[in-house]
Amino acid sequence: MIKTILVVDDNHDNRTIIAQMLTISGYRTVCATDGLHALELAANEMPDLILMDLAMPKLDGWGATEQLKADPGLSHVPVIAVTGHVTHNEISRAIHVGCADYLAKPIDYETMILKVRTYLTA
């Protein structure tokens, strides 16, 4: 069965590149433009994994992840934070709200696929 990954990023180019890399690797992707859109798509699509940008308008990745983890129907879905600002505070905050791991921007294809496979087979 093909796994579905929700890609959340307010930057169109980032979203497109990540989705293309995942599609090439055999995954189905759905994309959200912000945290509010992510919550809606997650409820409708029931993804197997979420790649969540942290800095976004409307609802940031920390808030969206916190809400996803509070939802009994979605709390089991692993969330990997995606950030261009890899600092101890930012990563600690992401883990605190429920992210399982993080990816630094710019995204390294091999690192992303390794982490995706790890969480999808866990």
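The values are calculated or read from the model by the stated rules, or taken from the named source; none is laboratory data. Given the structure is predicted, the values throughout are model-derived calculations rather than measurements. Here the Cβ is made from the backbone with ideal geometry for all residues, glycine too, and neighbour counts use every protein chain on show.
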Within the range 2-28, tally of residues that are over 21 Å from Ala94 (Cβ atoms), in contact with a helix residue (DSSP H, G or I) (Cβ under 8 Å, 6 or more places away or on another chain) and either modelled with pLDDT under 95 or among the β-branched types (Val, Ile, Thr) (or both): 1
Any pair with Cβ under 7 angstrom, 6 or more apart, that starts in the range 49-62 at a residue that is small (Gly, Ala, Ser) and ends at one that is in a loop (DSSP other than H, G, I, E, B): Gly61/Leu54
Top-ranked residue in the range 63-122 [being over 19 Å from Ala42 (Cβ atoms), modelled with pLDDT of 95 or more and polar (S, T, N, Q); ranked as surrounded by the most Cβ atoms within 10 Å (Cβ to Cβ)]: Thr118
Met52 within 23 Å of Thr121 (Cβ to Cβ) and surrounded by 14 or more Cβ atoms within 10 Å (Cβ to Cβ): yes
Count of the range 83-106 residues which are free of Cβ contacts under 8 Å to residues at least 24 places away in the same chain, assigned to a helix (DSSP H, G or I) and of a type outside the set (Val, Ile, Thr): 4
Residue ID - surrounded by the most Cβ atoms within 10 Å (Cβ to Cβ), chosen from residues in the range 9-31 that are touching a Lys or Arg at 6+ places or on another chain (Cβ under 8 Å) and in a strand (DSSP E or B): Cys31
Test result for Ala42, closer than 20 Å to Val116 by Cβ and surrounded by 19 or more Cβ atoms within 10 Å (Cβ to Cβ): yes
Pairs with Cβ under 6 Å, 6+ apart, first in the range 15-35 and closer than 19 Å to Thr118 by Cβ, second among the polar types (S, T, N, Q) and in a helix (DSSP H, G or I): Thr29/Thr23
